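The values are calculated or read from the model by the stated rules, or taken from the named source; none is laboratory data. Keep in mind it's a predicted model, so treat the numbers as computed, not measured. Here Cβ is always computed from backbone atoms with ideal geometry, including for glycine, and neighbour counts include all displayed protein chains. Accessible surface areas use protein heavy atoms only, side chains included; no ligands, DNA or RNA. Shrake-Rupley method; radii C 1.70, N 1.55, O 1.52, S 1.80 Å.
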Amino acid sequence: MLVAAAACPCPPLLVPGIAAGAAPELAAARDACADALGVLAASRPDLLVVVGPAEDDGHETYPEGTPGSFHGFGVDLGVRLGRGGTAPAPSQRALPPSLAVAAWLLERTDWSDAPVAGLAVAETLTAERCRSAGAEAAGQAARVALLVMGDASACRTLKAPGYLDERAAGFDAEVARALGTADVAALRTLDDGLARELKVSGRAPWQVLAGAAEDAELGGALLYEDAPYGVGYMVAAWS
């Protein structure tokens with residue numbers, strides 16, 4: 001059963017070593033993520049499931065201990081998902097960037113409150129499959145917490161990765177409202193076509209959250225919302 005959830009953005013720029021001189025610009029976002037993880041810890045979960053977007057089709061699980069790195073972003077920094085787990089097999093796939101950022105956040109906040117498992121979901125995954133994946137995740141233990149990684153639109157300004165799209169601000173405002181009020185129905189019915197056009201990476205993870213939270217009756221709080229680089233970043237906590 002889902003007992004708590006946190007939604008955080010997943011840009012590698014959250015890692016100060018990658019952001020370099022721009023690191024202070026995301027200090028408030030990092031602090032909000034730490035606060036959201038505190039809500040997860042306070043829920044005393046038996047299992048933490050970390051959900052994030054991936055480019056591959058379908059969805060793939062990652063056991064605790066799976067390694068990841070930020071070498072592709074020019075930083076010699078490695079992470080592991082959680083503190084437990086066994087040594088990874090040579091064939092074990094590394095964490096996708098979104099889950100690597102989550103692993104970094106967990107290390108930064110010294111997470112040791114429950115075992116951790118990873119779930120990467122494709123941005124093309126349908127709402128119904130996301131709902132099913134969320135229900136499955138929530139059923140893995142008596143008390144499950146979710147850390148859901150994903151960004152809103154990448155079209156908020158002229159210099160944004162997706163250039164300016166006048167629809168982006170309204171889409172992001174609705175997502176922020178839904179995350180801030182734990183509106184499961186609103187997340188479940190997000191327009192996946194519009195999300196793709198606006199280069200939203202969080203649509204599928206948020207709909208996994210909606211599937212996990214259908215019967216949980218949680219309340220929400222929006223802890224952070226901004227678009228410092230023309231990309232919508234939001235942090236929310238549900239408990």
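Summing Lys, Arg as +1 and Asp, Glu as -1, what charge do residues with Cβ under 9 Å from the Cβ of Asp192 carry, Asp192 excluded?
Values: positive: Arg196, Arg203; negative: Glu123, Asp191.
In short, 0.
Counting only helical runs of four or more DSSP H residues, what would the 222 nm mean residue ellipticity of the chain come to if each run contributes -39,500 (n - 2.57) and the total is spread over all its residues? Please report the intermediate quantities before stating the final value.
Working: 8 runs with 79 residues, N = 239.
So the calculated ellipticity at 222 nm is -9500 deg cm²/dmol.
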*Counting only heavy atoms of the protein chains, get the accessible area per residue of the range 54-140 (1.4 Å probe) and round it to a whole Å² value.*
52
*For Arg93 and Glu197, compute 0.36 nm times the residue count separating them, minus their Cα-Cα distance, and round to one decimal in nm.*
34.5 nm
*Residues of the range 37-80 with amide nitrogen under 12 Å from the 7 Å Cα-to-Cβ point of Glu136?*
58-62
*Under 5 Å between amide H atoms, partner at least 5 residues away or on a different chain: which partners does Leu47 have, H built in plane at 1.01 Å?*
Arg143, Ala145
*Using a 10 angstrom cutoff on alpha carbons, build the Gaussian network for the chain and name the most mobile of Leu77, Leu146, Leu106.*
Leu77
_Just to be sure I understand the rule: take each whole DSSP H helix in the chain, project its Cα atoms onto its long axis, keep it if the span is 24 Å or more and its mean Kyte-Doolittle hydropathy is at least 1.6. Which ones pass?_
none
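For the chain, what does the alpha-carbon gyration tensor say about shape, rounded, prolate or oblate, given a ≥ b ≥ c as the root eigenvalues, a/c under 1.5 as rounded, and a/b over b/c as prolate? Please report the intermediate quantities before stating the final value.
On the way: a/c = 1.39, a/b = 1.09, b/c = 1.27.
It is rounded, given that a/c, with a ≥ b ≥ c, falls under 1.5.
Heavy atoms only, probe 1.4 Å: what % of the accessible area of the chain goes to carbon and sulfur, would you let me know? Don't skip to the end; give the middle numbers.
Values: 5100 of 9990 Å².
Whole-percent figure for carbon plus sulfur exposure: 51.
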*Could you please report the charge total around Ala227, scoring K, R as +1 and D, E as -1 over all other residues with beta-carbon less than 15 angstrom from its beta-carbon?*
-4
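What trypsin sites (Lys or Arg not before Pro) in the range 126-198 are in a loop by DSSP, with at most 11 other Cβ atoms within 10 Å of the Cβ?
Working: sites: Arg129, Arg131, Arg143, Arg156, Lys159, Arg167, Arg177, Arg188, Arg196; in loops: Arg143, Arg156, Lys159, Arg167.
In loop regions of the range 126-198 (DSSP not H, G, I, E or B), the sparsely surrounded trypsin sites (Lys or Arg not before Pro) are Lys159.
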*How large is ³J(HN,Hα), in whole Hz, for each residue of the range 43-51 in order, when computed from phi with the Karplus curve 6.51 cos²θ - 1.76 cosθ + 1.60 and θ = phi - 60°, using x for Gly and Pro?*
6, 6, x, 7, 7, 10, 9, 9, 10
